[in-house]
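Colleague: Next up is a structure, given as structure tokens.
Each reported figure results from applying straightforward, stated rules to the coordinates on display, with no laboratory input. These figures come from a predicted structure and were not determined experimentally. Reconstructed Cβ throughout: ideal geometry from the backbone, glycine too, with neighbour counts over all protein chains shown.
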Amino acid sequence: MFNKIIEILEYAHEKGASDVLITKDSEPMLRINSEWEKIGEKKLSHNDAEKMILNLVSEDKREQIFIDKEYDFSYSISDELRIRANIYFQKNSISAVFRIISTKVPNIDSLGIPDALKDFALKNNGLILITGSAGSGKTTTIAGIIDFINKTKSSHIITVEDPIEYIQKNNKGIIDQREIGNDTNSFAKALKYVLRQAPDVIVVGEMRDIETMQAAITAAETGHLVIATLHTNDAIQAIDRIIDVFPGHQQNQIRMQLAATLLGVFAQQLIPQRNAAKRILATETLIVNNAVAASIRNGKMHMIKSLMEAGQKFGNVTMDKSLKLLFDAGKISYDEVVLRVSDQKYLQYIKKDRKYFIDEKGNAVRANPLVIPKS
């Protein structure tokens with residue numbers, strides 16, 4: 001059915017897939033709403049997979065791929081379709097996963113992100129962390145934030161990405177996008193020199209190591225807005241991850257710096273939407289107010305969860321609360337809540353067999369759903 005990788009990627013985009021997997025001894029696979037589906041009628045041989053994958057790679061990179069055994073790159077297929085790819089080896093055979101990316105930069109209001117994140121995006125300085133597992137939409141959120149800043153205020157925005165996914169265009173601001181491998185050799189090296197490049201906003205695609213984390217925190221301390229991502233499941237883990245990376249004798253200093261610079265942490269999950277073939281964003285929001293900053297400074301991280309639960313008026317929302325709000329609105333199923341809730345006691349606040357939900361307009365909505373007018 002499909003003989004060329006471009007045909008597969010275009011078909012995946014048409015079907016609304018998020019990823020394409022090419023590996024030997026399997027048909028090409030699409031991931032649609034978190035489920036993998038086979039396409040075509042033929043399993044790929046070692047040679048089939050290798051030919052498909054390397055067709056997108058320039059000649060000068062191919063030899064290096066077989067030396068390094070790993071390779072990340074991005075590729076524009078059309079004006080409407082761009083992909084991010086990771087090539088790897090398994091059982092001495094080449095495989096690849098392609099992430100499908102729309103070339104249209106998302107509008108921040110379409111993403112369902114918290115208002116607090118929009119407010120922080122217009123600050124002159126401080127550190128914003130976007131965290132979540134792979135595939136949780138962090139890159140899309142970052143792209144929406146950059147676009148929002150770019151359209152709202154005059155700023156010099158410098159991004160460091162691996163690889164560049166969404167291509168941003170200058171608006172009120174000027175955006176310089178730097179890609180690891182092509183424009184700089186590493187996140188740490190790019191951030192070492194970024195302060196000499198007159199930035200107002202610095203976007204770090206991923207904080208992977210101690211040098212990158214230190215440079216990002218220092219940039220936030222010196223009057224810049226820094227937006228960065230981490231791979232952690234919740235907001236508190238993100239702060240712990242940064243502190244734990246540093247040697248013990250430096251951790252008190254890092255706590256002081258984070259307490260002074262951190263604006264907020266936003267942890268994300270993308271969840272299959274009830275009665276719809278798409279996913280919806282659930283976000284945990286940690287606003288760093290004086291009480292949270294004091295807990296970070298004094299190493300009392302265990303207190304932050306309670307502060308979040310008690311501080312909803314400040315904009316704090318735990319992931320469990322976010323899940324409940326989506327369930328109450330009829331947007332996700334009870335089964336999805338059960339899979340994701342961290343405190344099983346929280347389930348007592350959620351009734352499994354609800355006949356009605358409440359929509360955004362305050363209407364009662366049947367679970368099937370049918371709108372029931374308010375009396």
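Colleague: For a quick check, take a GNM of the chain with Cα springs below 10 Å and name the residue from THR229, THR152, THR139 with the largest mean-square fluctuation.
Modeller: THR152
Colleague: With a point put 7 Å past each Cα toward its Cβ, work out how far ILE39 is from SER110 in nm, to one decimal.
Modeller: 2.1 nm
Colleague: Obtain the nm distance between the two label points defined at ALA294 and ILE167 by a simple spin-label model: each point lies 7 Å from its Cα along the Cα-to-C-beta direction.
Modeller: Going from the ALA294 label point to the ILE167 one covers 5.1 nm.
Colleague: Still on this structure: Arranged by the count of other C-beta atoms within 10 angstrom, fewest first, what order do LEU325, LEU225 take? It would help to have the intermediate numbers written out before the result.
Modeller: On the way: LEU325 13, LEU225 24.
Result, fewest neighbours first: LEU325, LEU225.
Colleague: Over its Cα atoms, what ratio of radius of gyration to 2.2 N^0.38 Å does the stretch 130-264 give? Let's see the in-between values first.
Modeller: On the way: Rg = 14.4 Å, N = 135, 2.2 N^0.38 = 14.2 Å.
Cα-based Rg divided by the globular estimate yields 1.01.
Colleague: With each pseudo-label sitting 7 Å past Cα toward Cβ, what's the ASP343-ARG241 distance in nm, one decimal?
Modeller: Simple spin-label model gives 2.3 nm for this pair.
Colleague: Right, something else. Provide the gained length on full extension for the span GLN197 to PHE89, in nm with one decimal, where the gain is 0.36 nm per separating residue minus the Cα-Cα distance. Mind dumping the intermediate values first?
Modeller: Values: separation 108, 0.36 × 108 = 38.88 nm, distance 3.79 nm.
Separation in residues times 0.36 nm, less the Cα-Cα distance, equals 35.1 nm.
Colleague: So, by mean Cβ neighbours within 10 angstrom, what's the order for 99-110, 205-216 with the highest one leading?
Modeller: Numbers: 99-110: 15.8, 205-216: 20.5.
Sorting 99-110, 205-216 by mean packing, highest first, produces 205-216, 99-110.
Colleague: Something else now. Let me know the charge dipole size of the chain about its Cα centre in debye, to the nearest 20, where only the beta-carbon of Lys, Arg (+1) and Asp, Glu (-1) is charged. Walk me through the numbers before you get to the answer.
Modeller: Working: 49 positive and 47 negative charges, 252 e Å.
So the dipole magnitude of the chain works out to roughly 1220 debye.
Colleague: Taking θ = phi - 60°, what integer Hz values does the Karplus form 6.51 cos²θ - 1.76 cosθ + 1.60 yield along the stretch 102-119, in sequence order, with x for Gly and Pro?
Modeller: Computed from phi, the couplings for the stretch 102-119 are 6, 6, 7, 5, x, 6, 4, 6, 8, 8, x, 7, x, 4, 4, 5, 5, 5 Hz.
Colleague: Still on this structure: Provide the net charge surrounding ASP72, with neighbours chosen by a C-beta distance below 9 Å and charges set as Lys +1, Arg +1, Asp -1, Glu -1.
Modeller: Working: positive: ARG84; negative: GLU70, ASP162.
Local net charge: -1.
Colleague: Follow-up question, since we're still on this one. What share of the DSSP beta bridges in the stretch 108-349 is antiparallel, in percent to the nearest 5?
Modeller: Details: 10 of 37 bridges.
Around 25 percent of the beta bridges assigned by DSSP in the stretch 108-349 are antiparallel ones.
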